[in-house]
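The values are calculated or read from the model by the stated rules, or taken from the named source; none is laboratory data. Source: prediction; values computed, not measured. Cβ placement follows ideal geometry from the backbone for every residue including glycine, while neighbour counts extend to all protein chains displayed. For accessibility, only protein heavy atoms count, side chains too; no ligands or nucleic acids. Shrake-Rupley method; radii C 1.70, N 1.55, O 1.52, S 1.80 Å.
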Number of protein chains: 2
Amino acid sequence: MYRTHTCGELTETQIGQNVQLAGWVQKVRDKGFVIWIDLRDRYGITQLVFDQDRTSESLLEKAREAGREFVLQVRGEVIERASKNPKMPTGNIEVLVSEFTVLNASHTPPFTIEDATDGGEELRMKYRYLDIRRTPVKNNLIFRSRVTMEVRNYLAGKGFIEVETPYLIKSTPEGARDFVVPSRMNEGEFYALPQSPQTFKQLLMVGGMDKYFQIVKCFRDEDLRADRQPEFTQIDCEMAFVEQEDILDTFGGLTLHLLEEIHGIRLEEIPRMTYDEAVKRYGSDKPDIRFGMEFGELNAVAQQGSFKIFNEAELVVGLAVPGGNSYSRKQIDALTDWVRRPQVGASGMVYVRCNEDGTFKSSVDKFYTAEDLSKWAEITGAEKGDLILVLSGETHAVRTQLSMLRMELAQQLGLRKPGEFAPLWVLDFPLLEKDEETGRFHAMHHPFTAPKPGQMELLDTDPAAVRANAYDLVLNGNEIGGGSIRIHDRTTQEIMFRHLGFSPEEARKQFGFLMDAFQYGAPPHGGIAFGLDRLVAILGGQESIRDFIAFPKNNSGRDVMIDAPASIASDQLDELHLQLKK
Amino acid sequence: MYRTHTCGELTETQIGQNVQLAGWVQKVRDKGFVIWIDLRDRYGITQLVFDQDRTSESLLEKAREAGREFVLQVRGEVIERASKNPKMPTGNIEVLVSEFTVLNASHTPPFTIEDATDGGEELRMKYRYLDIRRTPVKNNLIFRSRVTMEVRNYLAGKGFIEVETPYLIKSTPEGARDFVVPSRMNEGEFYALPQSPQTFKQLLMVGGMDKYFQIVKCFRDEDLRADRQPEFTQIDCEMAFVEQEDILDTFGGLTLHLLEEIHGIRLEEIPRMTYDEAVKRYGSDKPDIRFGMEFGELNAVAQQGSFKIFNEAELVVGLAVPGGNSYSRKQIDALTDWVRRPQVGASGMVYVRCNEDGTFKSSVDKFYTAEDLSKWAEITGAEKGDLILVLSGETHAVRTQLSMLRMELAQQLGLRKPGEFAPLWVLDFPLLEKDEETGRFHAMHHPFTAPKPGQMELLDTDPAAVRANAYDLVLNGNEIGGGSIRIHDRTTQEIMFRHLGFSPEEARKQFGFLMDAFQYGAPPHGGIAFGLDRLVAILGGQESIRDFIAFPKNNSGRDVMIDAPASIASDQLDELHLQLKK
């Protein structure tokens, strides 16, 4: 026992008690006749005091040697503080030290262990073990642990069984790139790390394990974009004998449970929207509905004049910025520049000021009358004092651009409030998605998703029109989960593989075991997977996942702390029957 | 909603209700005028009934088409059974079917879906999704899920935080062989899959996260012995500011909690034994203490005569078999053959019958008097009616042999009772272990284990004598967990690496990050890891782990269901900058 109490729990209640604490030196203040040391552990900070009147000279000397981040063990009496600090839970007391041991010394840390540190990203990652001592990072990790416990308790309470599926599986070229693991015992062969336990959870359904979940690491060898990790964690779930409604009910329930348990926010239900509607109203399949600024499609009212750009556009679409009439010309120009950046890609932007006196002032005044513009205002829902911003072009592209602008404006206007949570089910996703480069269709969710009943024939005639019972759960503009009702018979699965360009041989080689399984009494089933890293970050009111992961990798997939990946010994390669390519 | 109830819950309470069930056909009995179908799901079996009087002809026809493992959805009325089956929870009722849908057909399964199946191991593994439908396998997986929930609840209740550590780490030649993962983005470099999160959990301690746990997959590329898996699950735990006693208390508490929650067995505390004592009394560092048969060392009483074999032996050691005097000569010969098998390796065995009349009859009567043998009986604790079995030879070897014999005898005598649980802490393990082949010492637990205070100097003079605060938790003769108090300062860690044969450069290259971390205020810490697969199997009253793993691999590390590992496409290899060795 190194301690009788933690550094976070002593209050007036313990005054007069002799206690033992252990922790790190946060700060030393040496006034000569008195020394204060702030001692920190996971639970808080307690002030230690040494003074000439009550502390031996030798103890004072020892206290003077303790530097930042030294590890101390002290014994002493809890006393009332002369000048209290009401901001600290332990702010009313201090510990008058009578015994003092340096358990370990410390070099001066490369950055300050404070809430707002002076350490840059790279340095923090190299010394992540010091970064974790900082309260924000520590609290994120504790928060993550708490969220996963809540998830497990909820699902276990609903009769779900956590089943561990294997990590050493088989590579399948479908989807993203696999990480592979050479097999020493099977020369020339490789395992793959799972991108998700998709096929295994479906096999568990075939196996009768009708409510499965697992919180599990998954792996994708993708070129890393910001805030993507090569290994990430999923809350992976599947149910048998269910329809879409059962899944929405169960996992919507989970989401509401988390909001209530964690934030005390009680929502009655999660609103729903079809994919088509989401894209039309918000330009995105993961709209942030904490705020309005819905899209107004203006083709009918903007393509009758002589403004060639709009007349030639597939879609003319705008939104109203609340209070935006107060924007200066410079601000509007900045927004125009913003949408023209290559990352957004609009060619230009039209604006309409809705003046307080009911008049309009727009960048296209010479093409449109006030009556025209009043229709625009009506369609976009613009009120007096607002600003209408309009983009035009190819439907999909212009919606995406306007959606990005909508999010940027909301950010600027403070409408994306971290403490506010607006979950949304987006339903009826397309089954297939066309790859614009190759012209080939691929599965929007994955090749195991079932088309909606009665839509199989459409696959041949109008594949893009086929819809699936596929759903995403969106929270504050982020996809936190997605799933679908699966195919559960061999014939449909074979047809699906054929439409996705698999030859029968390829399909059999890669997914034969699954199609075989479908022949032995596969029940109807469906499921969902949540991205835990993102779910936790968003529940924590943040957008970046990195500080909710204890030891993240950088954008080159490197762990800069342990310096991995690294070269391996040549006899290791030999054993694996491999050589590096020259 | 495919069902209103499961197949496990209907009783007399629901008689008269109209219900909907879904599940698999377990069995069809067709008497012509009446058909019974046993419908099975995860929760149980419910009998469906169709009869000429109350069921339409078309429904009877449909019911006749349902074969084993067909997936059905039925609607009907719960009625009282004419002939009740008190062995089944649903045995008092049946469902008179009014609507009947085949949700999916099934081929005839390759083995019977019964508690005692006719399927061999290989077939069961190939069709594991069918094997999981069998009650024993299904129950094992549900049991595992329950145990892990109990573990998490206990540890979370004690303030432990579950932190996920990375799976893509760095290869270290220490210990077993790593599985490696080639990096596409870092040419010629590899990640390794963790053999355990050892260094990361220690870094979390340096990071102030003073109570950590994680239920986590670990990986070892070892030649597989029976009942070993290349991927296995650990309950990995670490605490800071603790001494050994704190760890024994916390995780002994966990074990007692599991025994009580899961089996209703309430034990007051877990007995303790040193490593030296365990080896002396039971010949093993993981003794099964559910039964006696402790060793008696006989050197003092067996080496004074003219029996050369004993006189020349380093150790003469025996045990008393309770009631063994009734063994026939043939039985004793069989035991002698058993200890002479190469897997055991004894050269011979001496026996002493302890007759009911107080006389002795032994295989060495010409060398020893009755008085001699009565001393043997005293030392081994043999009573009248027992049989003393004695082995001799090199100390370590003969202890191991006698320990194997002890376990075999206990098995034969039914002393290893599955419903009885006897946990044991084995303490004070040697720090180092000599590799008999190379003569080099390596770490018995791992290179991060601290020598006992004050024993550092012994490392130079008598390395085999150095003891560590290292402990194993043993349950019913199986090691279910092991851990130690760790080194937490750079100098000691450097000395340890030197003694283990690392050059300073190697040590720095592989574990520089850990030794650096020790310079920034590392707290005293220690931990333990439980092998979850084995823990669950033993708590489940079984010895083999395989049926507590949903999708295990075979002894060649293959998943015969999905047929992994497998070859990968040559462009995958190219991207990884690798080629197969010719």
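Across the identical copies, the label point of residue B:116 (7 Å from Cα in the Cβ direction) is separated from its matches by 7.4 nm, in order from shortest. When B and A come together, around 11000 square angstrom of accessible surface is lost from both chains combined, probe 1.4 Å. In this structure, the pairs whose alpha-carbon distance is over 24 Å, taken from A:286/A:417; A:201/A:509; A:553/B:553; A:126/B:158, are A:553/B:553; A:126/B:158. In the assembly of identical copies, residue A:292 has its label point, taken 7 Å from Cα in the direction of the beta carbon, separated from the corresponding points by 8.7 nm (ascending, one decimal). For the range A:157-269, what log10 I(q)/I(0) values come out of the Debye formula at q = 0.18, 0.21 1/Å, with one point per alpha carbon and no solvent? Scattering profile of the range A:157-269, log10 relative to I(0): -1.04, -1.17. Note on residue B:112 and residue B:58: the extension gain reaches 16.5 nm, defined as 0.36 nm multiplied by sequence separation minus the Cα-Cα distance. Computed over the range A:45-172, the alpha-carbon pair-distance distribution with 5 angstrom bins reads 2, 8, 11, 11, 13, 14, 12, 9, 7, 5, 4, 2, 1, 0, 0, each value a whole percent.
Out of the total accessible area of the range B:12-104 (probe 1.4 Å, heavy atoms of protein only), what percent is carbon and sulfur? The nonpolar share, carbon plus sulfur, comes to 47 percent.
In percent, rounded to a whole number, the relative contact order of the range B:272-357 is 18, using alpha-carbon pairs under 8 Å and six or more apart. Kirkwood hydrodynamic radius of the protein assembly as shown, from the reciprocal of the average inverse Cα-Cα distance over all distinct pairs: 34.4 Å.
Apolar share of the accessible surface for the range A:121-218: 47 percent from carbon plus sulfur atoms, 1.4 Å probe. Rounded to the nearest 0.05, the FRET efficiency derived from the C-beta distance between residue A:495 and residue A:577 at R0 = 30 Å is 0.15.
What ranking, highest mean first, results for peptides A:350-357, B:521-528 when packing means the other Cβ atoms within 10 Å averaged over each residue? Numbers along the way, then the final one.
Working: A:350-357: 18.5, B:521-528: 25.4.
Order by mean packing, descending: B:521-528, A:350-357.
Looking at the square roots a ≥ b ≥ c of the eigenvalues of the Cα gyration tensor of the range B:476-582, which shape do they give, rounded for a/c under 1.5, prolate if a/b is larger than b/c, or oblate? Note, shape of the range B:476-582 comes out oblate. Grouping the Cα pair distances of the range B:291-412 into 10 Å bins from zero gives a pair-distance distribution of 14, 51, 33, 2 percent in increasing distance order. For the range A:389-510, the square roots a ≥ b ≥ c of the C-alpha gyration tensor eigenvalues yield an a/c of 1.5 or more together with a/b exceeding b/c, which makes the shape prolate. Peptide B:143-149 has a mean of 4 when you count, residue by residue, the C-beta atoms of other protein chains within 10 Å of its C-beta.
Remark: the range A:291-412 carries a charge dipole of roughly 360 debye about the Cα centre, counting +1 on each Lys and Arg Cβ and -1 on each Asp and Glu Cβ. Considering only B:254, B:6, B:448, and ranking their Cα positions along the charge dipole of chain B that arises from unit charges at the beta-carbon of Lys, Arg, Asp and Glu, the one farthest toward the positive end is B:6. Averaged over peptide B:551-560, the number of partner chain Cβ atoms lying within 10 Å of each residue's Cβ comes to 4. With contacts taken as Cα pairs under 8 Å at a separation of at least 6 residues, the range B:291-412 carries a relative contact order of 37 percent. Solvent exposure of chain A amounts to 40 Å² per residue of accessible area, where only protein heavy atoms count and the probe is 1.4 Å. Restricting attention to the range A:12-104, close to 95% of DSSP beta bridges with both partner residues there are antiparallel.
Peptide packing for B:102-108, A:460-466, B:466-472 was compared via the average number of neighbouring C-beta atoms within 10 Å per residue; ordered from the highest value, the list is B:466-472, B:102-108, A:460-466. Centre-to-centre separation between the Cα atoms of the range B:507-539 and those of the range A:282-342: 56 Å. Rounded to the nearest 0.05, the FRET efficiency derived from the C-beta distance between residue A:20 and residue B:223 at R0 = 45 Å is 0.35.
Kirkwood-type hydrodynamic radius, chain B: 28.4 Å, calculated from all non-identical alpha-carbon pairs.
Counting Lys and Arg as +1 and Asp and Glu as -1, each charge on the Cβ, what is the dipole of chain A about the Cα centre in debye, to the nearest 20?
With Lys and Arg at +1 and Asp and Glu at -1, about 1220 debye.
Do any trypsin sites (Lys or Arg not before Pro) in the range B:19-99 lie in a loop, going by DSSP, with at most 10 other beta-carbon atoms within 10 Å of their beta carbon, and if so which? Answer in residue order: B:31, B:87.
Note on A:538-550: average number of Cβ atoms from other chains within 10 Å of each residue's Cβ is 1. Cross-link partners for residue A:361 among the lysines, with Cα-Cα distance under 24 Å and sequence neighbours closer than 8 places in the same chain left out: A:308, A:330, A:375, A:384. At a Förster distance of 51 Å, what's the computed FRET efficiency of residue B:455 paired with residue A:334, Cβ-Cβ distance as r, to 0.05? The formula returns an efficiency of 0.15 here. Taking every Cα-Cα distance in the range A:12-104 and sorting them into 5 Å bins from zero, the calculated P(r) comes out as 3, 15, 28, 29, 19, 7, 1 percent. Each of B:336, B:311, B:396 was scored by the projection of its Cα onto the charge dipole of the range B:309-401, and the greatest displacement toward the positive side belongs to B:336; charges sit on the C-beta of Lys, Arg, Asp and Glu.
Cross-link reach is defined here as a Cα-Cα straight distance under 25 Å, omitting same-chain residues fewer than 8 places apart; for residue B:84 the lysines meeting it are B:27, B:31. Calculate how steeply helix A:504-517 sits against the longest principal axis of the alpha-carbon atoms of chain A, using the helix alpha-carbon long axis, and give the answer as 0 to 90 degrees to the nearest 10. Helix A:504-517 sits at roughly 60 degrees to that axis.
If I compute solvent accessible area with a 1.4 Å probe over the protein chains, what percent of it on the range B:521-582 is carbon and sulfur?
49
Between the helical axis of A:490-499 and the longest alpha-carbon principal axis of chain A there is an angle of about 80 degrees.
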